[in-house]
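Take a look at the structure below.
The values are calculated or read from the model by the stated rules, or taken from the named source; none is laboratory data. Computed from a predicted structure; not experimentally measured. When we count neighbours, we look across all protein chains shown, and the Cβ atoms used for this are built from the backbone with ideal geometry, even at glycine. SASA here: full protein model, heavy atoms, side chains in, ligands and nucleic acids out. Shrake-Rupley method; radii C 1.70, N 1.55, O 1.52, S 1.80 Å.
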Amino acid sequence: MNVSFELADEQATLAFGAQLVACMNDDMRIYLSGDLGAGKTTLTRGVLRGLGYEGAVKSPTYTLVEPYQALAKTLYHFDLYRLGAPEEIEYMGLRDYFDDSAIVLVEWPERGLPLLPRPDLAITIVVADSGRRATLVAESAVGEECLHSLQATFL
């Protein structure tokens, strides 16, 4: 199952991320794909705002992971852009983060394949006219429930 949403600007992307929180469970895996500057970190910032986080949100390009634990739901934000080879995720202990009861958002998941576990939702963001288009693909029953909830909200 997949569905696309048009996001007119940065504010719409932030709002969409915040709305995504309503359908997330405590241990959801979401993969974010798209070109540099497509809005992956902006969407993540929206999710964090929806969870009540008010601080700065930056892409963890150099640290690879940024934990956000003082929230209603724990969230780990990964950016695998600088990963040299998928095997590097074994050295970082990335699998341990997936075993925790937490939301895991992964930017550039294709750099960690095939070693990453399957996501619940795969989101691809592309530049479309002056805004963005987010295409969400459910890859689990949890992901499908989330998509149904989002469709009901945005119709």
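Quick notes on this structure:
- Flag set for Leu105, criterion: within 28 Å of Asp9 (Cβ to Cβ), assigned to a strand (DSSP E or B) and either open to solvent by 20 Å² or more (accessible area, probe 1.4 Å) or aliphatic (A, V, I, L, M) (or both).
- Scan of the stretch 127-138 for residues that are open to solvent by 60 Å² or more (accessible area, probe 1.4 Å) and either closer than 13 Å to Thr13 by Cα or at pLDDT 90 or above (or both), ordered by number: Val127, Ser130, Arg132, Arg133
- Search result, residues across the stretch 108-138 that are hydroxyl-bearing (Ser, Thr, Tyr) and farther than 10 Å from Gly34 by Cα: Ser130, Thr135
- Residues that are surrounded by 20 or more Cβ atoms within 10 Å (Cβ to Cβ) and of a type outside the set (Phe, Trp, Tyr), drawn from the stretch 22-38: Met24, Met28, Arg29, Ile30, Leu32, Gly34, Ala38
- Among the residues of the stretch 1-36, those identified as under 18 Å from Leu80 (Cβ atoms) and either out of contact with any strand residue (DSSP E or B) (no Cβ under 8 Å at 6 or more places or on another chain) or assigned to a strand (DSSP E or B) (or both) are Arg29, Ile30, Tyr31, Leu32, Ser33, Leu36.
- Residue match in the stretch 108-125 (condition: β-branched (Val, Ile, Thr), open to solvent by less than 50 Å² (accessible area, probe 1.4 Å) and at pLDDT below 85): no
- Of all residues in the stretch 39-93 being open to solvent by 50 Å² or more (accessible area, probe 1.4 Å) and among the aromatic types (Phe, Trp, Tyr), the one that is farthest from Asp27 (Cα to Cα): Tyr62
- Residues satisfying the criterion are present in the stretch 52-59 (criterion: in contact with a helix residue (DSSP H, G or I) (Cβ under 9 Å, 6 or more places away or on another chain), more than 17 Å from Leu20 (Cα to Cα) and among the hydroxyl-bearing types (Ser, Thr, Tyr)).
- Where a residue in the stretch 118-132 is farther than 16 Å from Ile30 by Cα and its partner, wherever it lies, is hydroxyl-bearing (Ser, Thr, Tyr), with Cβ under 9 Å and at least six apart: Val126/Thr135; Gly131/Thr13; Arg132/Thr13; Arg132/Thr42
- Test for Ser4: is it under 26 Å from Gln151 (Cβ atoms), of a type in the set (Ser, Thr, Tyr), surrounded by fewer than 18 Cβ atoms within 10 Å (Cβ to Cβ) and in contact (Cβ under 8 Å) with a residue 60 or more places away in the chain: yes
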